[in-house]
Amino acid sequence: MYDEAELVEAKRQIDSTLHKIREVVKTFEAKDEPSRYKSQMTLAKRRLKAFGIANQLIEEKLAELKAGSGH
């Protein structure tokens with residue numbers, strides 16, 4: 001499977017991507033006609049959800065690894 005260092009790095013990358021996507025959503029929402037960007041907003045929000053799920057699963061796996069190693 002994956003070791004703790006790989007999971008920590010994957011989480012770091014996902015956190016970075018989540019931040020960038022949130023900034024994209026803010027940019028679209030600030031536009032004069034945000035409705036023109038509906039499909040891009042939908043895609044960004046779906047990505048936020050998907051990366052959020054991945055992040056949660058990584059956090060759970062990290063917690064399992066730490067519990068199993070006695071940390």
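The values are calculated or read from the model by the stated rules, or taken from the named source; none is laboratory data. Just so we're clear, the structure is a prediction, and the values are computed from it rather than from any experiment. Don't worry about glycine lacking a Cβ; one is built from the backbone with ideal geometry, like all the others, and counts go over all protein chains shown. Please note that ligands, DNA and RNA were not included when accessible areas were found on the heavy atoms of the full protein model with its side chains. Shrake-Rupley method; radii C 1.70, N 1.55, O 1.52, S 1.80 Å.
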Worksheet item: For the chain, what does -39500 (n - 2.57) per DSSP helix run (n ≥ 4), summed and divided by total residues, give at 222 nm, in deg cm²/dmol to the nearest 500?
Response: -29500 deg cm²/dmol
Worksheet entry | Protection proxy ranking, peptides 3-9, 58-64, 31-37, average beta carbon neighbours within 10 Å, highest first | 58-64, 3-9, 31-37
Item to complete: State the answer as a single residue: which of L65, A50, T27 lies farthest towards the positive end of the charge dipole of the chain, with beta carbon charges of +1 for Lys and Arg and -1 for Asp and Glu, about the Cα centre.
Response: T27
Item to complete: Considering only L57, L48, L18, give the residue with the highest GNM mean-square fluctuation for the chain, with springs between Cα atoms whenever their separation is below 10 Å.
Response: L57
Item to complete: Provide the net charge surrounding E64, with neighbours chosen by a C-beta distance below 13 Å and charges set as Lys +1, Arg +1, Asp -1, Glu -1.
Response: -2
Worksheet item: Where a Cα-Cα gap under 18 Å defines reach, which aspartates and glutamates qualify for K26, not counting those fewer than 8 residues away within the same chain?
Response: D15
Worksheet item: Leaving out same-chain residues fewer than 8 places away, which lysines sit with a Cα under 22 Å from that of K20?
Response: K11, K31, K38, K45, K49
Fill in: E59 paired with A10, simple spin-label distance in nm, labels 7 Å along Cα-to-beta-carbon
1.6
Practice prompt. Report in % the part of the accessible area of the chain that belongs to carbon and sulfur, leaving out ligands and nucleic acids; probe 1.4 Å.
Written response: 54
Response to the item:
Note: Q40 to K66 extended length (0.36 nm per residue) minus current alpha-carbon separation gives 5.5 nm
Worksheet item: How much length is gained on full extension from F28 to D3, taking 0.36 nm per residue of separation minus their Cα-Cα distance?
Response: 5.2 nm
Worksheet item: Quick one: putting +1 on the C-beta of Lys and Arg, -1 on the C-beta of Asp and Glu, what dipole do you get for the chain around its Cα centre, in Debye to the nearest 20?
Response: 500
